[in-house]
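The values are calculated or read from the model by the stated rules, or taken from the named source; none is laboratory data. It should be emphasised that the depicted structure is a prediction, and the values quoted were computed from it without experimental measurement. With ideal geometry, Cβ positions are generated from the backbone for all residues, glycine too; neighbour counts draw on all protein chains shown. The area values use the complete protein model at the heavy-atom level, side chains included, leaving out ligands, DNA and RNA. Shrake-Rupley method; radii C 1.70, N 1.55, O 1.52, S 1.80 Å.
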Amino acid sequence: MTTRIGITGAAGRMGRTLIEAIALAGGELKLTAAIERPESGFLGADSGELAGQGRNGVPVVGALVQVIDHIDILIDFTLPAATVATVAECAQHRVAMVIGTTGFTPAQQAQIDQASTRVAICKASNFSTGVNLCFQLLDMAARVLGDDVDIEVYEAHHRHKIDAPSGTALSMGQVVAKALGRDLDKVAVYGRQGQTGARSRQTIGFATVRAGDIVGDHTVTFAADGERVEITHKASSRMSFARGAVRAAAWLWGRDAGLYDMQDVLGLNKLN
Ligand code: NAD
């Protein structure tokens, strides 16, 4: 049976890559709706042509309500405020969601949690398989190296990224903090300047770079006296995220209401 997929943010960097990823996936998944902001200059455009894939007959529309009856699962990579409005609409119409947007406030996250009591939602700060494997490696490294190391998270992204540190860097910090029984809100240090004093071992530092067209680099350093371990992931194409999000959509179809993540999709939660 065909699973009908809609994309919000269809003309964005991730939106266009998702259109391509769905076309490449073939099989049961079919793009049936492409949604953009009401004031977007792309309304009416053929979404396949927009993604450089040739015509697919799915025009870009300016409101989810116009197409929501033609969607089983909505994939959303937009902006936090847009995602929160979309999630409420999807919960009302019982449309499952894959959420890739990052940068939510705790209040916005609470709205997503609330919607997940009515529909299945898969939300991840990073949908790449490699990054999700890294989360497991980070958990293991933190448990083995324990309180004998200083831990720093470094991330670099393209100049257009609007939130910092990246959602992935924060997730990496969360994994490490949880493994060590620390509260990230209390131990995170976001950047340093001036007379900072010596480093406290309990802290987890974050460093952010924004430059050029970097798709997404992350390194977590575990540094002791005499040796250090570095776990690095480098994304060279947005297709790594798009392929993961499409895989999540296929996995989500028919699931009970609830909040899932990419670890669930890949079966990695069972390893813990
Ligand atoms: P982008 O700015 O290129 O695209 C966002 C698109 O959303 C734009 O085309 C914009 O017009 C559209 N949009 C905004 N409001 C809308 C609304 N109300 N309805 C419909 N469309 C709307 O950004 P991007 O690089 O594609 O990234 C989008 C988000 O995805 C960011 O939060 C980014 O951090 C996140 N991201 C997540 C992952 C992951 O794996 N989870 C990977 C890459 C990017």
Under a 1.4 angstrom probe, counting protein chains only, how are E36, E152, E28 ranked by accessible area, largest first? E28, E152, E36
On the accessible surface of the chain, probed at 1.4 Å with all protein chains in place, carbon and sulfur together account for a percent value of 51 percent
Need one value: the accessible area of H93 in square angstrom, 1.4 angstrom probe, rounded to the nearest 10. 80 Å²
Using +1 at the Cβ of each Lys and Arg and -1 at the Cβ of each Asp and Glu in the range 79-222, identify which of H93, V220, Q109 lies farthest towards the dipole's positive end. H93
Label-zone membership for the range 236-272, site Q136, 7 angstrom Cα→C-beta point, backbone N under 11 Å: 263-264, 266-272
For the range 144-157, what does the Karplus curve 6.51 cos²θ - 1.76 cosθ + 1.60, with θ = phi - 60°, yield as ³J(HN,Hα) per residue in whole Hz, taken in order and with x for Gly and Pro? 6, 7, x, 8, 8, 10, 8, 10, 10, 10, 10, 9, 9, 9
Once amide hydrogens are built 1.01 Å from N within the peptide plane, the residues lying 5 or more places from G216 or on another chain with amide H under 5 Å from its amide H are A235
With charges only on Cβ, +1 for K and R and -1 for D and E, what is the dipole size of the range 166-272 about its Cα centre, in debye, rounded to 20? 60 debye
What percentages make up the Cα-Cα pair-distance distribution of the range 1-99 when the bins are 5 Å wide from 0? 3, 15, 28, 28, 18, 7, 1
1.4 Å probe accessible area per residue over the chain, in Å²: 48 Å²
For R55 paired with Q195, estimate the spin-label separation in nm (one decimal), with each label point 7 Å from Cα along the Cα-to-Cβ line. 7.1 nm
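Antiparallel DSSP bridges in the range 133-272: what percent, to the nearest 5?
About 60 percent, rounded to the nearest 5.
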Among the DSSP beta bridges whose two residues both lie in the chain, what percent are antiparallel, rounded to the nearest 5? 35 percent
Evaluate E = 1/(1 + (r/R0)^6) for T105 and A45, where r is the Cβ-Cβ distance and R0 equals 30 Å; express this FRET efficiency to the nearest 0.05. 0.40
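Would you list H70, H158 from the most to the least accessible area, probe 1.4 Å?
In descending accessible area the options line up as H70, H158.
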